[in-house]
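Contents: one structure, followed by commentary.
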Amino acid sequence: MLSPVIRAAAGLCLVVVAGCAGSSSNADEEARLEHHIPAHKPTSFALAIPELDRRFHDPALGAGTKAVDPRWSELADIVRWLPELAADSDLRRQDWERVQQLTGELSRRLQQWEAAPTEHGRILAAVESILAELRPMAARSEDFPGRIPEPAPGKAAEPRSPDEPSPE
């Protein structure tokens, strides 16, 4: 027969093991939910700008209402993610701060879009002006596809091979 101390220790071990097994599935579920990335989230700041352009120019955006059309919430999500995506790029602080300001302006324009359907042309012109300011920043960001790195200030560009065409 086991002593009461050994039985208590064995019981405690069973509780701990059962608790760990139960919390493992909860931890796995929490980790899965925490790392869920929506399908409509652009992978970079550089890709977010053309995606915003495409979505703002989608003719169906004006036809639906915010309450029933997921395009509204997806567009608002992408606008909301701009500062985060810009922070993940190599934009200078000054550019990132400007992205934050322009994000607020885009959010206001999106609210106006639903509230004033007769003003879509004027609102779209304002959005286009904002996107025009964001495009060069996206082009300067490290994550821009096809970007050619510029030499650091004060450093000469690396020499080209004789077979390489001149950039001029």
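Values quoted throughout were computed directly from the atomic coordinates according to the rules given, and no laboratory measurement underlies them. Being a predicted model, the structure only gives us computed values, none of them experimental. Please note: Cβ atoms are built from the backbone with ideal geometry, for glycine as well, and neighbour counts cover all protein chains shown.
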Problem set entry | Descending Cα extents along the principal axes, segment 69-133, whole Å | 39, 24, 14
Seminar exercise, completed: For K41 and R54, extending 7 Å from Cα along the Cα-Cβ vector and measuring point to point gives, in nm, a value of 1.8 nm
